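Comments concern the structure below.
The values are calculated or read from the model by the stated rules, or taken from the named source; none is laboratory data. This is a predicted model, so every value here is computed, not measured. Note that we place each Cβ from the backbone using ideal geometry, even for glycine, and neighbour counts take in every protein chain shown.
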Amino acid sequence: MRVIAGSAKGTRLKTPKGMAVRPTSDRVKEALFSMLGLRINESLFLDLYAGSGAIGIESLSRGARACVFVDHKKENISLIKENLNKTRLTEKARLIPVDAQKTVLKLAREGFKADLVYLDPPYACKDIARVVQSIFSYQVIDQNGLLVVEHDTKNRQWTEDFPVTREKRYGDTCLTFITPPNIT
């Protein structure tokens, strides 16, 4: 796996061993960042279920102001640190070694507001709706922000409860784009 564009273009990233983490393919990553376009510039990016950190690192390489990487596995956090060092993007990163749900609450208490939120939970995850709802309820995404969920095309029943603006499918992978609901 490699960084596709930007300041760290071409840098090879390490990925976790085994099948527990399923890295986003270069094809899906390229499509995602093509759709995000200029929204990346100077954005505050939140990468939940970060795995190797490839998506957050790509955002930093393409001009995001900062990225918060979240993963509950210590070995993944170590791998993200290593990948950030390789790409020389460490100073723009914050790593949180806690699960996504707890992190959303922690960030809300800090007054954190992301411009872009990316969720890539395990494909068998049944908690997507709960995490997405927490992001909106605790308002850790800017009102003009965008949330993107990478998930299995067969796991889409959770999308019925949210304002989906776009969906793109790539084999068994689906990218679902959701805008924050108006919260008063």
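Per-structure values
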| item | result |
| --- | --- |
| Answer residue from the range 116-131, given it is in contact (Cβ under 8 Å) with a residue 24 or more places away in the chain and not aliphatic (A, V, I, L, M) and is nearest to L36 (Cα to Cα) among those | Y118 |
| Long-range neighbours under 6 Å by Cβ, at least six apart or interchain, first residue within 22 Å of Q157 (Cβ to Cβ) within the range 132-145, second among the hydroxyl-bearing types (S, T, Y) | none |
| Residue match in the range 28-36 (condition: touching a helix residue (DSSP H, G or I) at 6+ places or on another chain (Cβ under 8 Å), more than 23 Å from N144 (Cβ to Cβ) and among the β-branched types (V, I, T)) | no |
| Subset of the range 1-53 (residues that are of a type in the set (D, E), touching a strand residue (DSSP E or B) at 6+ places or on another chain (Cβ under 9 Å) and either surrounded by 21 or more Cβ atoms within 10 Å (Cβ to Cβ) or modelled with pLDDT of 90 or more (or both)) | E42, D47 |
| Within the range 158-184, tally of residues that are assigned to a strand (DSSP E or B) and either of a type in the set (D, E) or out of contact with any Asp or Glu (no Cβ under 9 Å at 6 or more places or on another chain) (or both) | 8 |
| Condition check for Y123: out of contact with any Ser or Thr (no Cβ under 6 Å at 6 or more places or on another chain), at negative phi, at pLDDT below 95 and not hydrophobic (A, V, I, L, M, F, W, C) | yes |
| Test: residue in the range 150-168 that is closer than 20 Å to L60 by Cβ and modelled with pLDDT under 95 | yes |
| The range 111-157: number of residues that are surrounded by 15 or more Cβ atoms within 10 Å (Cβ to Cβ), among the β-branched types (V, I, T) and not in a strand (DSSP E or B) | 5 |
| Checking G111 against (1) out of contact with any helix residue (DSSP H, G or I) (no Cβ under 7 Å at 6 or more places or on another chain); (2) farther than 21 Å from L146 by Cα, the condition it does not meet | (2) |
| The range 158-184 - residue that is of a type in the set (S, T, Y), free of Cβ contacts under 8 Å to residues at least 24 places away in the same chain and under 20 Å from V104 (Cα atoms) and, of those, surrounded by the fewest Cβ atoms within 10 Å (Cβ to Cβ) | T184 |
